[in-house]
Structure formats: structure tokens, C-alpha cells
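Structure record follows, encoded as C-alpha cells.
Every read-out reported here was derived from the displayed coordinates using simple, explicitly stated rules and does not represent laboratory data. As the structure is a computational prediction, the values presented were derived from the model and not from experiment. FYI the Cβ positions are ideal-geometry reconstructions off the backbone, even for glycines, and counts take in every protein chain you see.
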Amino acid sequence: MRKEDIGVMEDKRILLHTCCAPCLLYPYRRLVDMGYDVVSYWYNPNIYPVMERVIRFRELERYCSDKGIEFVYDASPSSDFFSIMGDRLVDSPSRCSLCWAIRLENTAKKAHELGIKNFTTTLLVSRYQDPQEINRLGKDIARDVGISYLAFDFRDGFDWAHQEAKRLGMYRQRWCGCIYSFSARARALFRRGKYEKIWI
């Protein structure tokens, strides 16, 4: 293999920040179709409670193992997330941008550490996230770290990914991740009288 060919292959590696197994499905397929060598990366200390984070991690780990997807992770505890967010962790929309930034920055640094020149995130497949803000953050962070961020809007695959996850029998979470999204779901269920589903 020629040296220049090796360089091209290295340029096609991408570290994909992965929030959960169902959200991996569509971005992974799209990136592979584009010729990228995808490495799935888990870094989600925001997920509450701890058992929920363990379940999501294990489901992603299992799926990557079954499919032969390269998988790396950083199992930072929730205390790291709360210490980073500090007083900024409040029940307001601004907390989401801070949460995205923390995870994207960690992904960019991990990519640099691994010698991977590109990164992006599965957060871009969710209808409940803001792809414009996530992409803006990703580009700014990439510039600071000195690697490339690939901006996408994967939301056209949201329905397909949901159905595919269901077909595969994947664990599908019922809230975004943090304690505030958990509480918002609990309040909504409580208002509808569905008390038995609050903790499920």
C-alpha cells in the first residue's frame, strides 16, 4: 500500500460521539455509505440515574460487539458532569448547549488523542435536539482542538432508526438523559395520571 493511500484512509476515520445504541443506527449507516471508517465513542456522564447510564452503555457495547464496530469509551461518573456544569446546571434551555459542548469537546480531544482527524455526533439524529447549535459548537471546538468536525442533520433518519431499534429489540430510553429531562417526563406522566410509568 502506498504512503499516500494510507493518508487517505486515515482521513476517512471518524470518531462518532454516540449517546445510545438506537441513535447510532442511522448516522453509522450514513457515514459508512460515505466511505468513513467509524469508531463509536461513548462519553455521556449527563445520563441520570446511574443505572440508566449503565443500561444504555451496555446496550451500545453489545450492539457494537455484535456488528464488529470499533468502540471506545470514557466512563466518567456523574460527579464529573455536575462539577463541570456547576452553577450552570439549571432547569433552563441553556443547559442543553453546555451539555452538548462538554461532550463534543471531550470527543474532539479523544479523537486527537487517537490520531483520528474527524468527529461528529449521533445527537444530530434526534428531533428533540438543535442541530444548528450542535453543529456550531462542533465547528468551534474542532477549530480549537485542531481537527475537523463534520456537520450533519441526520433527522431524516429518526423514524427509520426508531423502527429499526424496535425491530432489533434494543433498549429504547424514554428521556434524553439528564436529571431535568427525567423530571420533565415524570411531571408529564404525573399530570396524565400515569404514576406507575414514572420510574419505568
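Within the set K67/K139; K12/K166; K67/K110; K12/K109; K110/K139; K110/K166, which residue pairs have Cα atoms separated by over 20 Å?
K67/K139; K12/K166; K67/K110; K110/K166
Using the basic label-point model (7 angstrom from Cα toward the beta carbon), what is the S94 to V32 distance in nanometres?
According to this spin-label approximation, the distance is 4.2 nm.
How much net charge surrounds L137 when only the other residues with a Cβ under 12 Å from the Cβ of L137 are counted, with Lys and Arg +1 and Asp and Glu -1?
-1
Would you mind pulling out the separation of the Cα centroids of the range 102-133 and the range 47-69, in Å?
After rounding, the separation between the Cα centres reads 18 Å.
Between D156 and L168, what length in nm is gained on full extension when 0.36 nm per residue of separation is reduced by their alpha carbon distance?
Using 0.36 nm per residue and subtracting the Cα-Cα distance, I get 2.3 nm.
Ranking L150, L104 by Cβ neighbours within 10 Å, fewest first, what do you get?
Fewest to most other Cβ atoms nearby, the residues stand as L150, L104.
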